[in-house]
Structure formats: C-alpha cells, structure tokens
Amino acid sequence: MAEALSAFRVCDFTGQLAGAGATKWLASFGAEVIRIEDPVRQGRWDILRGSPPFMDERRGINLGGAFNNHNAGKYGITLNLRTAKAKRILEQLIEVSDVVSENFAKGVMERWGFGYERLREIKPDIIYVSNCGFGHSGPYSDFKTWGPIVQAVSGLTFTSGLPGREPAGWGYSYMDHTGAYFMAMAILLALVHRQRTGEGQWVDLACTEAALTLHGPALLDWTVNGRPTRRDGQPHANRSQWPPMAPHGIYPCRGDDDWVAIACRDPDDWGHFAEVVGESWCREPAYASLASRLAAQDELDQLVGAWTVRRGKFDVETLLREAGVPVSAVMKPEERIDLDASTGDFGLWPSVAHPEMGDVRVDGQPVHFSETNWRIARGGPCLGEHNAEVLTRLLGLGEEEIARLEEEGVL
Amino acid sequence: MTSSPETHDDTKSVGALDGVRVVELARAPIAWAGKLLADMGADVILVEPPGGDPSRDYPPYLDDQPGENRSLYWWHYHTSKRGIVVDLDDSGDRDRFFSLVATADVLLEAEPRTRLGALGLDYDDLQAIRPELIHVAVTPYGRHDPKSDLPFTDLTIMAASGPPWSCGYDDHSLPPIRGPMQGYHTASHFAVLSVLTALLHRDIAGRGQFVDVSMTAANNVTTESASYTWLVAQRTVQRQTGRHASVSPSRETQQLCADGRYANTGVPPRRPHEFAALDKWLKELGLDAELPEAVFLAMGANWEGPFDLAKIGRDDAVTAIFGAGRDALKLIASRVSAQAFFLGCQRTGLAVGVVNAPEEAFEDPHFKARGFQVGVVHDDLRRTVVYPGAPYALKASPWAISRRAPRLGEHDAEVFDEIEGRCSPLDDAR
C-alpha cells in the first residue's frame, strides 16, 4: 500500500511522549523519522528509554516498554554533538530533511549551535517545530515542566475533580499525548504551507497554551460573564455542564472497583431509564423535568447509585443499552484491550518486531485511511541501531568510515 | 476578525490552510476539529439542518440569558466558519449539497454510521463527482462496527475507552473521574491529523480518500501507561489522587498551600544545586529555624557528584538529604500562596506547577505576554469579545480567528452564489 507521508524526512530530537508521540504519527504514515540520540548518555535524556514496564522483567537501555510504544517505526542514530564531526554530520542530515523537531527546554538547540537561524542557513525551507512547556517567549519560558505540571498550570487538573475535594487531576500525562497531537498538527500544517509557498518556518508550541485552548466555553463564561470555574459546587467533572443532563455520572456497581457511566440526554432517555429501573422514585414529580432533576442532582445520584450498586457493570450496560440510553461500563485496561472485541477488530494494538524485546503490542492509530493507511511494523529503535543504514544511504558514508567514527566517539 | 491587544501585522501572511474548503456537517464531537481547521485559514462551511444544530442552544449564555446567538459554547466551537442550512432529507437540497461537495477538498462529518449511505451521500457517491475529496467520518467505534449505532455522550465514550479508569482519588470509594469534553476533543485531534495527512498525500498523488476515525479508539490510545503497562507486562494501573495511576502506590504530589490552593510538586529536588537553591530560599523566608533537618539541605548542596537514587532508604545520609528536601518544600508551601510556591520552586529549578483554575491561567502574565488573549469582533453586538488564542505559533502562516461563529443560515446566499457561479476560493487559488 502507498504511504501518505513517504515524501518527508524528519530529523527528530524528540523524546518522552510529548515529542515522540508527534513523530510516531508521521512515521506510521510513512515519513522517514530519524531519531537522533546522545551516545555518551546512552540516549537517557529520554527517561523512558530504559524505564518500565519491561517485557518478562528484562531490563536495559533498549527494553523500555513506553519508549518502544512511542517510537515504533522510527529510525535511530547516535551523534555526539560535543564533537565537530558529529555537528558536520548533523548539518548534512538537515540539508536532506524537511523537518527538525524537538521538545527540549528552551535554549538547548541554540547551545548546540542549531537554533532556528542556523537551521535556516543550512536548509532555507526547513520546518522547525519546538515543543516545550511554556514556549520560547514570555516570562516563564525558562521554567521546567512535564505532563502533570502542564496540566496543573493550564487548568486541566483543576477541572478534573469533585466539589469540596482536592483536584483528582489526570492519572496520566493527558497533555503529553495531546501536546504531541498538537505538535504533529503543527508539523503537518507547516508542511502544507511549504508545499504551497515553498516557505519553511519555525513553530513555537507551548504545551500549556495548547492545553488552555481546551477550556473554550468556560473561558468565554469568564471573559463575557465574569463567572470563574473556581466557585462553590465546582468542579463536578462527571456531570455535564454543556448541555445540562441529569442523571449524568459514574456510578458504583457490584464487583471489584467496578463502575458504570450513565447519561440521560433528554426526556426520552430519562423515560427509558425510569422504565428500566422501575422504582417508585423514578415516577416522583421531583424528577419529572430536566430542571427539577438538575436541581436535585445530589439526591438523584444517590438513588441511581443505590440501584447500580446491586448490579454488575456489564448487566447495567446491557439493560440500559437495550433501552437506548447512553451507557458504558468504566473499562479497565485488560477489558478494553483484550475483552472488548471492537478495539482488536479495529486493529488498534498492532504487534511490532523489536530486535531485543521480540514481538510486542503497541498503541496503533485510531483511524483507517482507504488508500494510504498507517502501518506500524518495526519496534522503537535500539540505541544507534540504524547508524550504518542511515549514514550510508543518506550521506554515502562507507563501512570503514562509520567504524572509525564509532571508535572516535562521534557516533 | 482578530484584533488582539498585542496586535501583530498579519495582513500579509495567510493561514496554512488558505484555499482549502472544508464542508462540516454540524455535530458536537467534531466542532472542535472544524474550528482548528478554520482558525488556520480553511474555508470551513458549517452545514446545519433546518432549525439549526442543537448545540446552538447550549449554555453558558451571553449575560446568562438563553436566546438566539447567545450560546458561548456555540461561539467558541464555530469561530472562523461560514454557516449554511441544508436539509439532507430533502432531495432538492441534496442536489445543492452535491454541488457544494463538488467544490470541496474535505468533508468532515460525525453522522450516524449508516445515515449518509441511506441518503446516497456516502463516500462512494461523493467521490464519483469529486475524486479529490477527503471524507473524514468520525463515529464512536468506526464505520464497520455496529456498536457505533449505540447512543453516546462524551462521558460514555470516555468510560468505554479508558481515561476515567486512571483518574480519580486514592480513596476508591469515590468514583473514577473523566476530564470534561476531552473525549470529543481527542477524537477531533485525530480528525484534524487525518485531514492534514490526507491533504499532503493528495497534493502529491492527486486523489482524495475516505478516513474512518473511531472516537473510542482515539481515547484508547490516549491513556499512556494504562495501555502499555497491560500490553507489555499484563499489569493493571490503579488511580491515585492528582498523579499518575500506577501498579504500585506512589508518593503524593499535590501540596496544599497557604492560600488554600494546590500545587503539583512534581519531582522533588535531587541535584546538589537544587538543594543549594532550596536551602537559600528557606533562609530568605526565615523558615530555616523551624526545620532542624535543614542542615541536610546544606549537606545535599555540597554533595560530590550525582546522587545514587537507589540509596534512598538504604543510606542514612542520602535518605536524610532527600527527606529534608521534601520537608522543606512542604514547610514553604504551608506558608506561601500556591502561585508564590510555583514561582519560587521554578526559580530553584524544580518542575513545580500551581494548580490553576482555567480563568486563573488565562489571566496569568505569561500567557498574556504571549498574546493568548485574542479579541474577536461581534459586529452584531457592537463589541469585541476576548477569546482563547492559538494552540501553536506558526510564524509564517499564523493562526487567527477570522470571524465570529455564524448565525443560522448566515452565509446561505453567499455560499450558494459562489457555487452556482463556480467562483469558490478554491478555484481562485488554482
């Protein structure tokens, strides 16, 4: 099958998830993504490189499960940029690349002598996308972040919680994922612009700023009506503010930490829900209209929970599904990955071949293209795995030269 | 039109998607995707049924009064788009829809799985008249899965795909928590990535294609360690208050500060210069006398070489130094505001974040200095409303809100005149 992005080559300094997740999308669609890592520190700038989870408890710099997940399909080379020879090789690679991507702290690329101005001297139409917590300008541009810090500062942690309690926040780096999506969009947008105008550019992506865009209506409620989200009774994350619905929440079920999500969108959903539950409170006038149900939500949630807790989550799901009410069990990882046939049928967990880990499943892409679908076949690169292949194919270096560069500590 | 307090001269630059026409069939899950494309310069034509899309009436409202064109939800999600009314159930209107699609680069839709096929408006029908068309269909489980026919909301999509399992509190008698609206946002992000990827391919290959986006799949692959811990090691992460869900419990990271707000303390100090800066800060605040363990900060500051983190809990000196680091942060947090704690920690080089409410972040000097507050003219109200700004700063092809959200059918005449005259922006661009 043809590949959508095979015309493009990326000189990729990204790591962790906020950066590596972006170039994973590009690699899935056939872009040639070349990860560049530091041989002296064994690529450990990317803390996921040698980190758990491990397959079969086997540990090592090439065996990190998260690293493999986020870097599947990419090439990996090592360059010791403390040396002049490595810098020269990097210049040659940039000359034949379309994109330079990184998610370092501000100033790292400049310190190595590869700030945007220099990149442009090397390749006038280069696309340079930097992704850091606070961006490259503004009072906090030197501050350090990682996913949970971005989420905290941008309001995403605050809005994910229950009233009167400390924030629940996110049990994972939502903004590393989402920062990566915005970064991939930025790269693709800049490529579209270059295809049409011949012009490259620098994209300054601040992860906190990208996160702030995800609060749109709440921010307009603030700028237009002066209403803050920090107010009594808020946040109430499992309830629906826009549009209002009730009942709308996550309710306990029989079983080990089992829960079910239920949402009644309109009078029909409520009628069907009430029919399934069939208890006397469902017919009380106090719950007859949306307005009255909204006013009595705390009470209503107790009653709904008292009904669900006597049943298994999949039983509740079946009952309400048959009645046409939006419902879903809160799925545990093993349930959505291995029991819910829909993810497997979609091909969401492809198996990749990793030279040291063996065959291992990774996150796929949640889309299918009719003509140029994604493909993830190769595992994340071992440290320097493609030194010879990439430097020979792209720069014409010979076997002896590569061996010498390795000996000299350039690679 | 954008008139920012930090107005920049955008008159000469155009958005990256200038000249790209997107037809968006109005539905809540993809409104964000349409906005992301429109704010980058695409000519997004929002197609609503007679009577309008239901989200026109979603709160919050201008001055808290419901009514026509008063939904701030609508305002936010439909900036930079033009709006028309087409009744897809009417055969005459379907012809008009065909002529619109014949000028379009992208069709973005989240219709019920079989609806467009039943109307003779699915990809096969449309590509016959417009082979260049990129048709992106967003459904709960993908176009081939009958589960996509089930009713859904953002909440049920997220529950089905993993995020809430990982979010919540240490106390598991409290429910898992879902981050509001982020299920639809995540699906929209993949819709946008798909549009852009297919456009780049079309530029080279000349043909469009059909793209099937699954909302639940999108959220399934947006759960970080929950998925890969199961995929790689067949272990299940458990939710914890304000920090990563984990197979084994980890130390708390949220700290209540003196003003009743929280900070996320991230990774505690672990390098000699961090201990030195923390020691200095504690003394500046006059708090060193209250913390006898502060002597260990000085010891940490003078440590030779990097710490062996494996020695925490085994080696007395290392354990005391790291314990003092955490205790010092706790003491400082209890005496200063969350914002002061955030700024002070960052100045010592520690990745700490204040837990802001969205409006507190929006008013923060950093984001203001970057021009994140953007004025949008509401000609009908004779006022300029401040909106959230760009998610990314493309220097040569900038993001911009080109107009307020459309009124119902506002651009009917304009759009259909263009189509009938075949003088679309797209044709101009060619």
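Eigenvalues of the Cα gyration tensor times 5, then square-rooted: what semi-axes does that give for chain B, in whole angstrom, largest first? Could you put the intermediate results ahead of the total?
On the way: eigenvalues 494, 131, 78 Å².
They are 50, 26, 20 Å, listed from largest to smallest.
At 0.692 mPa s and 37 °C, plugging the Kirkwood radius over alpha-carbon pairs of the stretch B:29-90 into Stokes-Einstein gives what diffusion coefficient in µm²/s? If you can, show how the numbers build up before the last one.
On the way: Rh = 12.3 Å.
Diffusion coefficient, whole number: 267 µm²/s.
How many nm separate the modelled label positions at B:LEU256 and B:HIS144, each set 7 Å beyond the Cα in the direction of the Cβ?
5.3
With no solvent and one equal point scatterer per Cα, compute the Debye intensity ratio I(q)/I(0) for the stretch B:172-253 at 0.22, 0.27 Å⁻¹ and report its log10, rounded to two decimals.
These q points yield log10 I(q)/I(0) values of -1.09, -1.26.
Å³ per residue of the Cα convex hull, for the stretch A:87-207?
Details: hull volume 13.7 nm³, N = 121.
In the stretch A:87-207, the Cα hull volume divided by residue count equals 114 Å³.
Quick one: helix A:84-95 against the long Cα principal axis of chain A, what's the angle to the nearest 10°, folded into 0 to 90?
So the helix axis and the longest Cα principal axis differ by about 60 degrees.
For the stretch A:50-129, what ratio Rg/Rh do Cα atoms give with a Kirkwood hydrodynamic radius?
Values: Rg = 15.6 Å, Rh = 14.7 Å.
Across the stretch A:50-129, the Cα-based Rg/Rh ratio is 1.07.
When you take every Cα atom in the stretch A:164-253, what is the radius of gyration, and what is Dmax, the widest Cα pair distance, in Å?
When restricted to the Cα atoms of the stretch A:164-253, Rg and Dmax are 18.4, 58 Å.
Which aspartates and glutamates, on any chain, are close to B:LYS283 with Cα under 17 Å apart, when same-chain ones fewer than 8 places away are left out?
B:GLU274, B:GLU293, B:ASP327
Can you work out the FRET efficiency for the pair A:ASP125 and A:GLU371, with r the C-beta to C-beta distance and R0 = 25 Å, to the nearest 0.05? Write down the numbers at each step before the final one.
Working: r = 27 Å, r/R0 = 1.09.
Rounded to the nearest 0.05, the efficiency is 0.40.
What translational diffusion coefficient, to the nearest whole µm²/s, does the stretch B:40-182 have by Stokes-Einstein, given a Kirkwood radius computed over alpha-carbon pairs, a temperature of 20 °C and 1.002 mPa s viscosity?
On the way: Rh = 18.0 Å.
Roughly 119 µm²/s, to the nearest whole number.
Can you put B:GLU290, B:GLU48, A:GLU356, A:GLU335 in order, fewest other beta carbons within 10 Å first? Don't skip to the end; give the middle numbers.
On the way: B:GLU290 11, B:GLU48 23, A:GLU356 14, A:GLU335 20.
Neighbour counts put them in this order, fewest first: B:GLU290, A:GLU356, A:GLU335, B:GLU48.
If you rank B:ASP170, B:ASP95, A:ASP269 by fewest surrounding Cβ atoms within 10 Å, what's the result?
Values: B:ASP170 14, B:ASP95 10, A:ASP269 23.
Going from sparsest to densest Cβ surroundings: B:ASP95, B:ASP170, A:ASP269.
Report the gain in length on full extension from A:GLU401 to A:ARG165: 0.36 nm times residue separation, minus Cα-Cα distance, nm rounded to one decimal. Kindly include the intermediate steps, with their values, before the conclusion.
On the way: separation 236, 0.36 × 236 = 84.96 nm, distance 6.22 nm.
So the chain would gain 78.7 nm between A:GLU401 and A:ARG165.
Along the Cα-to-C-beta direction of A:ASP315, a point sits 7 Å from the Cα; which residues of the stretch A:227-256 have their amide N less than 12 Å from that point?
A:253-255
Whole number please: convex hull volume per residue, Cα atoms of the stretch B:321-372, in Å³. Each step should come with its number before you reach the end.
On the way: hull volume 4.3 nm³, N = 52.
Looking at the stretch B:321-372, the number lands at 83 Å³ per residue.
Over the C-alpha atoms of the stretch A:230-274, what are the Rg and the largest Cα-to-Cα span, Dmax, in Å?
Cα radius of gyration and Dmax of the stretch A:230-274 are 12.6, 35 Å respectively.
Given labels modelled 7 Å from the Cα in the Cβ direction, how far is it in nm from A:ALA291 to A:THR197?
Roughly 5.2 nm, to one decimal.
What three numbers, in Å, describe the spread of the alpha carbons of the stretch A:297-364 along their principal axes, ordered from the longest?
Over the stretch A:297-364, Cα extents along the principal axes are 57, 22, 19 Å.
Which whole-number percent of Cα pairs in the stretch B:250-334 have a distance greater than 20 Å? Intermediate results must be reported in sequence, preceding the final value.
Numbers: 1133 of 3570 pairs.
Every Cα pair in the stretch B:250-334 considered, those over 20 Å come to 32 percent.
Please report the antiparallel percentage of DSSP beta bridges with both residues in the protein assembly as shown, rounded to the nearest 5. Present the calculation step by step, with values, prior to reporting the outcome.
Values: 33 of 79 bridges.
Rounded to the nearest five, the antiparallel share is 40 percent.
Which lysines have a Cα lying under 20 Å from the Cα of B:LYS395, excluding residues fewer than 8 positions away in the same chain?
Within the straight-line limit of under 20 Å, B:LYS395 reaches these lysines: A:LYS106, A:LYS123, B:LYS12, B:LYS35, B:LYS368.
Taking R0 as 45 Å, what FRET efficiency do you get between A:SER280 and B:VAL377 from their Cβ-Cβ distance, rounded to the nearest 0.05?
For A:SER280 and B:VAL377, the calculated efficiency is 0.25.
Quick one: if the Förster radius is 35 Å, what FRET efficiency do B:GLN234 and B:ALA128 give, using the C-beta to C-beta distance and rounding to 0.05? Walk me through the numbers on the way to the answer.
On the way: r = 48 Å, r/R0 = 1.36.
The calculated FRET efficiency here is 0.15.
Is the C-alpha gyration tensor of the stretch A:121-274 telling us rounded, prolate or oblate? Criteria: a/c under 1.5 is rounded; beyond that, a/b larger than b/c is prolate, otherwise oblate.
Working: a/c = 2.31, a/b = 2.02, b/c = 1.14.
In terms of gyration-tensor shape, prolate.
When DSSP beta bridges are limited to those with both residues in chain B, what percentage is antiparallel, rounded to the nearest 5?
On the way: 15 of 38 bridges.
Once the DSSP bridges in chain B are tallied, antiparallel ones form about 40 percent.
I need two numbers for chain A: Rg to one decimal and Dmax as a whole number, Cα atoms only, in Å.
Using the Cα atoms of chain A, the pair Rg, Dmax is 25.4, 86 Å.
Using only DSSP helix segments of four residues or longer, with each worth -39500 (n - 2.57), what per-residue ellipticity at 222 nm results for chain A after dividing by its residue count and rounding to 500?
Details: 17 runs with 154 residues, N = 411.
Calculated at 222 nm, the ellipticity per residue is -10500 deg cm²/dmol.
For the stretch A:301-411, build the convex hull from the C-alpha positions and give me its volume per residue in Å³.
Details: hull volume 21.7 nm³, N = 111.
In the stretch A:301-411, the Cα convex hull volume per residue is 195 Å³.
Taking every pair of distinct Cα atoms and averaging 1/r, then inverting, what Kirkwood hydrodynamic radius in Å comes out for the protein assembly as shown?
Numbers: mean 1/r = 0.0361 Å⁻¹.
Every distinct Cα pair counted, the radius reaches 27.7 Å.
Any read-out appearing in this document is the output of simple, stated calculations on the displayed coordinates, not a laboratory observation. Quick caveat: nothing in here was measured; it's all calculated off a predicted structure. Methodologically, a virtual Cβ is constructed for each residue, glycine included, from the backbone with ideal geometry; neighbour enumeration extends over all protein chains shown.
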